[in-house]
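Following: one structure in structure tokens, then a few remarks.
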Amino acid sequence: MKKNLLPVIACLLLLAGCGENPMNARFSGEINAFCENVSAIGDKIDAIQVEAEENSIRYATSDLLSYLDEMEVEFMKFANIDFPKDYDYLEDLAEEAGRYMTEAASSYRKAYENGYHREMEEYAHENYARACKRMQVILAYLRGENMEENALD
């Protein structure tokens, strides 16, 4: 009898993911994918080289806008993640981050297309920073860190 129980217990542990809730495992995978994808996009943005030549500036601007569009997609996918009950209070913050990144990408496009518009670039940067700050807060909460009440200021 004991010999028959051992394979059954082993299978149950494997099916249960060694006790990990499948919802939490999926959520963790989505969080990890988001972080990896955003990091890779950030690396591409950091690698953009701009020379003084006009063609170089055009290509660099085109690359930047393309990467910001990719970043927007990642933030919007993150905003649509179904958070587990323990973290559902963070869903609104994720949606805010997605909206800020959408506004940032759109505003950067307006800042650089049809000439350069400094005020629009500053507005875009502000939205980008807000989106990133919200993600930092979310990730800190997911790691179990306590955030100050004014963390989003």
Starting from the stretch 32-44, take each residue that is closer than 13 Å to Ala131 by Cβ and list its partners that are basic (Lys, Arg) and surrounded by 15 or more Cβ atoms within 10 Å (Cβ to Cβ), counting only C-beta distances under 6 angstrom and pairs at least six apart or across chains.
none
Which of the residues that make up the stretch 1-54 are modelled with pLDDT of 90 or more, open to solvent by less than 100 Å² (accessible area, probe 1.4 Å) and among the charged types (D, E, K, R)?
Glu30, Asp43, Lys44
Residues being farther than 14 Å from Glu30 by Cβ, open to solvent by 40 Å² or more (accessible area, probe 1.4 Å) and at pLDDT 95 or above - total across the stretch 74-113
10
Every residue from the stretch 49-75 that is touching a residue at least 12 places away in the same chain (Cβ under 8 Å) and among the hydroxyl-bearing types (Ser, Thr, Tyr)
Thr61, Tyr67
Those residues of the stretch 100-125 which are more than 17 Å from Leu64 (Cβ to Cβ) and either over 12 Å from the mean Cα position of the chain (by Cα) or not in a helix (DSSP H, G or I) (or both) amount to Glu119
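The values are calculated or read from the model by the stated rules, or taken from the named source; none is laboratory data. Quick caveat, the model's predicted, so the values are computed rather than measured. Note that each Cβ is placed from the backbone with ideal geometry, even for glycine, and that neighbours are counted across all protein chains shown. These accessible areas exclude ligands, DNA and RNA; they are computed on the full protein's heavy atoms, side chains included. Shrake-Rupley method; radii C 1.70, N 1.55, O 1.52, S 1.80 Å.
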